[in-house]
Each structure stands twice: as structure tokens, then as C-alpha cells.
Amino acid sequence: MSKKFIKTYEDGPVGVIELNRPEVLNALNRQMIDEIVAQLEDYQRNSAIRVIMMKGNGKAFAAGADIEEMKNDTPTSMELADPFAVWDRIASIKKPIITAVNGFALGGGFELALHCDLIVASEDAKFGFPEVKLGVMPGAGGTQLLSKAIGQRKALEWIWLGEQMSANEALELGAINRVTSKELVEEETMRLAHQLAEQAPLSLRLIKEAVDVSSDVPLREGMKLERKNFYLLFDSQDQSEGMQAFVEKRPPHFKGE
Ligand code: CAA
């Protein structure tokens, strides 16, 4: 797929996706989302890539879905194009996805960040769901993912009011993981990505699966899946390597096998 609205590059084991429509604050049109999802799937298939990092540029991570593109839509055109269906494929990416949020992460931009596993924000980042001010509502998972992250009551207040929140407020609520200075946000996110890339890849993958199901299934079911994943890891070379390295008092060298 052509890459008109994103840039991509690899930094060792980290595959980077940079949103690239700065002239409209990285507003997410449909082709851009298609490109992001296709690239995530490419990185998923690429065994040299262990962690995926997403980032914005200029003044924004992303200021939402492209209002220009959807302003004349009808329920029928929406149903036929089903523009948000492609977002579901992000949930099947098994590698860690971490995102650096600079500036605005609004509407679909905030939803894209919430689809990632970890969020690092610059101190000037602004998070929010302004859809209510456009006479609509979040449509790419915002009501669900934010409620899951911070609880229903706070999510409802935030989405109803449509107000922007600072990175520190988002951090206090548990909507994001870390806040850094504007200058260091990419560096800090990349450092975290490399730190994750050192861990045993199969462990990361099965931990992600277990944590992801935790809010969708009853406790006992989640615990059963966790136990199975734990047992499964004993078939991996990385389990032998990790435990042998501990006994030999040396750092482990994980291969993802
Ligand atoms: N869609 C299309 N274009 C957008 C956009 C968007 N979501 N956000 C910004 N732009 C464009 C502006 O139209 C403007 O273009 P021009 O230079 O051609 O006029 C350019 O980006 C720069 O934006 P501003 O001049 O508005 O910049 P600002 O610094 O004054 O304001 C802002 C920044 C507060 C983010 C403001 O741009 C804004 O409110 N944007 C819209 C935010 C929004 O409502 N997002 C939700 C979209 S709906 C959605 O996302 C649904 C969903 O669930 C998927």
C-alpha cells in the first residue's frame, strides 16, 4: 500500500509509524487509517521488529477524524463505507504498540492513542473528545476504551463536556502512562520501546493477550487463560535462556523463540 499520509522507518527492533498530515494537524482521513493499519500488520509479520512506536509531528498527534471528509456523510454512506471497521484490526496486533503524543490528541486521534498499549505524552499534550460539540459522539471506540481505562463516571463527564484535558490530568486519571517534557517525548518513548524490545517477545505477547482479555471475561476465565499462557511459555527457548541466565548470574539474551 502507498504511504501518502504516514512515514515509516525502523530503529533497530523498533518499527516506527509517523502520522504525516501536519497541515491539518494529522486529521485522520480514511486512507490514512488504512495505511496505519496496513503498516501495523507489516510490522506484525516482520520478525526483526519487536515493538511498534507511533508518533505525530508538528503541533499534533492527531486532531481527530477528518471533518472535511465526513461532513456530508449520511447513515447509508457510513454503513456502506463502514469507516471504523478497519480499526478492529489494530486489536489483533500482538506486538507492543507504544505511542508518543505531542500536542493535540482529540477525537479519533485520542481513540488511536487509546488503541495503543502504552501512551507517553509531552507536557503540552491535550487530550479530549470534542465530538459532542460537532453534534456527534466518538465512533472509533472512545466511549469503550476510555471507560475501560479510567472508569465510567469520569469517562462520561469528560466525553459529555467535550473539554480538552492536560497531559498531567490524563496521567492522574490513568488514561496515559507517562508525561515528559516536549523536547524529550520522542526520545523517552523510543527509550521505552527499546527497553521493551530487550524483553522476551513471547512473554510480552502472551502478557498482552492476558491483560487485554481481563476486562472482557469473568475473573476465573481470565485466570485460566493466564495460567495456560504461563505454561505455554515453558515450551520456549527464551524460558530456558531466561532461567539459565539467572542461575549463571548473567543478562539473558532473548530470541523470541
Ligand atoms: N478535520 C479536518 N481538518 C482539521 C481537523 C479535523 N479534525 N482538525 C484541524 N483541522 C485543520 C483545520 O481546519 C485547519 O485547516 P486550515 O488551515 O485549512 O484552515 C488546520 O487543521 C489547522 O487547524 P486550526 O487552524 O483549527 O488550528 P488551531 O490551533 O487554531 O486549533 C484545534 C486546533 C483546537 C485542534 C482545532 O483544529 C480543532 O478543534 N479541530 C477539530 C477537533 C475535533 O473536533 N476533532 C474530532 C473530529 S470527529 C472524530 O474524531 C470522530 C471519531 O470518533 C473518529
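The values are calculated or read from the model by the stated rules, or taken from the named source; none is laboratory data. Remember, it's a predicted structure, so these values are computed and weren't measured experimentally. Here Cβ is always computed from backbone atoms with ideal geometry, including for glycine, and neighbour counts include all displayed protein chains. Just the protein is used for accessible areas: all its heavy atoms, side chains included, with ligands, DNA and RNA removed. Shrake-Rupley method; radii C 1.70, N 1.55, O 1.52, S 1.80 Å.
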Among the candidates Arg227, Arg191, Arg250, residue that is in a loop (DSSP other than H, G, I, E, B), out of contact with any His (no Cβ under 7 Å at 6 or more places or on another chain) and either of a type outside the set (Ser, Thr, Tyr) or under 21 Å from Lys126 (Cβ atoms) (or both): Arg250
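Can you find a residue that is open to solvent by less than 60 Å² (accessible area, probe 1.4 Å), more than 16 Å from the ligand (Cβ to nearest atom) and closer than 22 Å to Gln164 by Cβ anywhere in the stretch 55-65?
Let us first name the residues in the stretch 55-65 that are open to solvent by less than 60 Å² (accessible area, probe 1.4 Å), namely 55-57, 60-65.
Then keep just the ones that are more than 16 Å from the ligand (Cβ to nearest atom); that gives 55.
Next cut, closer than 22 Å to Gln164 by Cβ only: 55.
Looking for residues that are open to solvent by less than 60 Å² (accessible area, probe 1.4 Å), more than 16 Å from the ligand (Cβ to nearest atom) and closer than 22 Å to Gln164 by Cβ, one finds at least one in the stretch 55-65, hence yes.
How many of the residues in the stretch 89-114 are of a type in the set (Lys, Arg) and out of contact with any strand residue (DSSP E or B) (no Cβ under 8 Å at 6 or more places or on another chain)?
The number of residues fulfilling the criteria is 2.
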Among (1) open to solvent by 20 Å² or more (accessible area, probe 1.4 Å); (2) in contact with a Phe, Trp or Tyr (Cβ under 7 Å, 6 or more places away or on another chain); (3) within 17 Å of Glu186 (Cα to Cα), the one test that Ala113 misses: (1)
Hey, Ile17 open to solvent by less than 10 Å² (accessible area, probe 1.4 Å), of a type outside the set (Lys, Arg), away from the ligand (no atom under 14 Å from the Cβ) and assigned to a loop (DSSP other than H, G, I, E, B) or not: no
Count - residues of the stretch 57-71 that are more than 19 Å from the chain's Cα centre (by Cα), modelled with pLDDT of 95 or more and assigned to a loop (DSSP other than H, G, I, E, B): 2
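Is there a residue being part of a helix (DSSP H, G or I) and charged (D, E, K, R) anywhere in the stretch 90-100?
Quick first cut of the stretch 90-100, residues part of a helix (DSSP H, G or I) only: 90-92.
Next, only the ones that are charged (D, E, K, R) stay: none.
No, that holds for no residue.
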Listing of helices (runs of 4 or more DSSP H) fully contained in the stretch 122-186 that carry 2 or more residues being within 10 Å of the ligand (Cβ to nearest atom), under 30 Å from Pro75 (Cα atoms) and open to solvent by less than 80 Å² (accessible area, probe 1.4 Å): 142-150
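Determine whether the stretch 61-83 contains at least one residue that is of a type outside the set (Gly, Ala, Ser) and touching a residue at least 60 places away in the same chain (Cβ under 8 Å).
Taking the stretch 61-83 first, the residues of a type outside the set (Gly, Ala, Ser) are 61, 66-76, 78-80, 82-83.
Now drop any that are not touching a residue at least 60 places away in the same chain (Cβ under 8 Å), which leaves 61, 67.
Looking through the stretch 61-83, at least one residue is of a type outside the set (Gly, Ala, Ser) and touching a residue at least 60 places away in the same chain (Cβ under 8 Å).
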